[in-house]
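First comes the structure, then the notes that go with it.
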């Protein structure tokens, strides 16, 4: 009777469902049915549900549990709070959204929530389908939730049970259209296919005996004992066939262990246990619509595929049908969709486990029953990911940075391994083996990493931590057979959580090499992601006296987690002296888009065109172009100027390649910025002085020409401690334990009288030319110090010549002498001379330098055209011949006091 009263109050929706509209989908001949069902068209249990006036609701009247009413979400036989008659909805598959808000009680719950699992859940049942719990409100402000995909037919009734704290607004239904299959994939015939034999996942008939032979060897033995003990232990799984089952990580682990044990031993009882667990679990598990739940769905697909493949010979035909149909059911709920073409496999979430491990494993496992999934997945990987990585990994570093790069590279390695172990032949280019060098060289003496892309902040003051990605290192050293990467794995603890994966891949014959001293001190990262890391040594720990510096520039931009940091520099000495001060917590927030990912958070040049607008920002930091889209093919990378982030002019280090004295890098970064720049070149020369008191010196030259003289230029470095500003120099510092490291910054051009200096510290460091942003984390990075130097005079062309001297504790820097000789700037410090080319073109004519005192000088010549050069003394005698190589454009010689002419010969 109460329900009938409610219907009279709201009007029967079966008579008024005239909000239904058919909307044509662009490019499709089929129409999409869309239904919006407001609260006024719902039948309510008036004994428990009340009408709430709220201006946020579409018709100002929402639905909520009455005060004192208990939520019946967990009550299996309770009458629904809301009933919606869907008779006028055409039968089919629909994507459902709900819109809801919180009342005071719900708002308080959301304030206290610590993550997505503390969202507010409702329960839904369509017809006589199994009821399911779905998120209706999340701990962040997002009233509209994608509920999921549902089949609507038969009786066409939807029942909803609400949680406390929610004001329910409406339900939206729209016809679900699967992702379109690319035309090239429709009739794609894979070049590499699963063999006719089993197993196929991680092992085949050739590698299986190898894996078995290693079980009792070396470090594998302890893992094998764990596997045996766990696999033989019974795992009880009780469930109600009428109710959905929640994600159960422990069950999945147990099933994987038991299936692997069967694979290794042939124990059918344990194998049947694994099959039974997976069959019952996969046919009842439901993941709902929690944020990023695709990772949990994928894990279930992956482990179920392992069990299916490894126990294939003892799986019954009926069990095969159940497992295969539910694998496909879960695949449909993946974020990348099914067919798997909603996202790109080369970047973003589509480049994580979804395809590289989960769907690839599924497609290999069920190939005999349904070859189409492998057709689609192999197309995405072999025709898209593999050629893109062949191009990208010409630079042995990851464009998504230290953190996201290691995570996504781990999934690349899963795909590489799965294909390799399936057929015995690699499908990825061998340059994938070099990528771990990125994490080797970005490592700092205190265990942290140089910042790159979205990621972490530094340790708390006085603390330190050792950055880790053990799974990445594990997959890499076994794939490449590199003992030094295995050494890094062991430094990171040498432990893998997954014993099964460890035993599948670990080769005990690879002996870990933890000695880094055989590695060259300088790494040039190649043409795609132009950059160089130079260091004075490989000594680790807080007492290390080593200096590490990084310079970026030239190459391409790949969007997503990559930052707008063309030309950015970082410097470590007894702590980070300067570098990237952005912090990352939430993607796409105002702070993230306007500060953290932007140039302003990096130590690089800014040029402020007041009218410039950047995509996805409301601020203007004067920095490089902001690119969030990503290229999908090598042809798109090189052919679309959007992704061109400048060109590497020259790079060289020597004279010893193992322990170079100089490391030189120069890039034309004009294309990284908008048309506000006519030209911009940054050159960087790092000197390893091999001294305990002054271990390193860096010379940086910037030559920037704006298209308008009024566009203000800012030379910027971001320091982690409060700098000391003097009339002729800036002093930075950092401290590890009781050791202090200093960096003396001397700007030689423009002159002190011709420049202004501003320091923005604390919260002001997050202010972008008048717009303030709040960092999500308060730490050393988010409250650092931006040191900005700008010329006083407005002019199109400005040159900045800066010397950085790194000194220990209270050591004073070396006196500097600077003079110009035509196109060359000469810097003299003690017994070191650096000649910087001031022009955009390589030096092709002779020039003279004057060496003032009786010392044995080391002289670096930068920016020379390729070819033979001679060094003449004042008497015209040739004292040195230099062969300048193309793309290196750098020379070196040693001499004593005197005047010298350097000329092409």
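Laboratory data are not the source of any read-out in this text; all were calculated from the coordinates shown. Remember, it's a predicted structure, so these values are computed and weren't measured experimentally. Neighbour counts are summed over all protein chains in view; Cβ atoms, including those assigned to glycine, are modelled from backbone coordinates with ideal geometry.
When DSSP beta bridges are restricted to pairs lying wholly in the chain, around 95% turn out antiparallel. Across the range 815-905, C-alpha contacts under 8 Å between residues 6 or more apart give a mean separation that, scaled by the residue count, equals a relative contact order of 29 percent.
For the peptides 219-231, 547-559, 656-668, the ranking by mean Cβ contacts within 10 Å, running from highest to lowest, is 547-559, 656-668, 219-231. According to the square roots a ≥ b ≥ c of the eigenvalues of the Cα gyration tensor, what is the shape class of the range 173-239, taking rounded for a/c under 1.5, prolate for a/b larger than b/c otherwise, and oblate for the remainder? Cα axes put the range 173-239 in the oblate bin. In this rough spin-label picture, where each label sits 7 Å from Cα along the Cβ direction, the residue 222-residue 659 distance is 3.6 nm.
For Rg and Dmax of the Cα atoms in Å, the candidate list reads (1) 31.8, 115; (2) 39.6, 124; (3) 37.0, 122; the entry that matches the value derived from this model is (1).
Order the peptides 496-509, 843-856, 162-175 from the highest to the lowest mean number of other Cβ atoms within 10 Å of their residues. Please report the intermediate quantities before stating the final value.
Details: 496-509: 18.0, 843-856: 14.2, 162-175: 21.9.
Taking the mean over residues of other Cβ atoms within 10 Å, the ranking is 162-175, 496-509, 843-856.
Using 0.36 nm per residue and subtracting the Cα-Cα separation, the extra length available between residue 465 and residue 244 on full extension is 75.4 nm.
Axis angle, to the nearest 10 degrees, between helix 401-423 and the longest C-alpha principal axis of the chain: 70 degrees. Estimated purely from DSSP H runs of n ≥ 4, each contributing -39500 (n - 2.57), the mean residue ellipticity at 222 nm for the chain is -6500 deg cm²/dmol once divided by its residues. Entry note, the range 457-527: relative contact order of 31 percent, from Cα contacts under 8 Å with a spacing of 6+ residues.
Apply the a/c threshold of 1.5 to the C-alpha gyration tensor of the range 804-867 and tell me whether it is rounded, prolate or oblate.
Numbers: a/c = 2.47, a/b = 1.90, b/c = 1.30.
Note, shape of the range 804-867 comes out prolate.
Computed from Cα atoms, the angle from the helix 294-310 axis to the main principal axis of the chain rounds to 80 degrees. Counting beta carbons within 10 Å around each of 44, 861 and listing the fewest first gives the order 44, 861.
Normalised by the number of residues in the range 516-571, the average gap of Cα pairs under 8 Å and 6 or more apart makes the relative contact order 30 percent. Axis of helix 317-332 versus longest Cα principal axis of the chain: the two differ by about 60°, to the nearest ten degrees.
Among 772-779, 122-129, what's the highest-first ranking by average C-beta atoms within 10 angstrom per residue? Kindly include the intermediate steps, with their values, before the conclusion.
Details: 772-779: 15.9, 122-129: 18.4.
The peptides rank, most packed first, as 122-129, 772-779.
Going by neighbour counts of Cβ atoms within 10 Å, the residues 413, 747, 604 line up, fewest first, as 747, 413, 604.
For residue 810 and residue 237, the difference between the fully extended length at 0.36 nm per residue and the C-alpha to C-alpha distance is 199.6 nm.
Would you mind ranking 430, 565 by Cβ crowding within 10 Å, fewest neighbours first? Walk me through the numbers on the way to the answer.
On the way: 430 10, 565 30.
With the sparsest Cβ surroundings first, the list reads 430, 565.
Using a ≥ b ≥ c from the Cα gyration tensor of the range 815-905 (square roots of the eigenvalues), is it rounded, prolate or oblate, where a/c under 1.5 gives rounded and otherwise the larger of a/b and b/c decides, a/b for prolate? Oblate.
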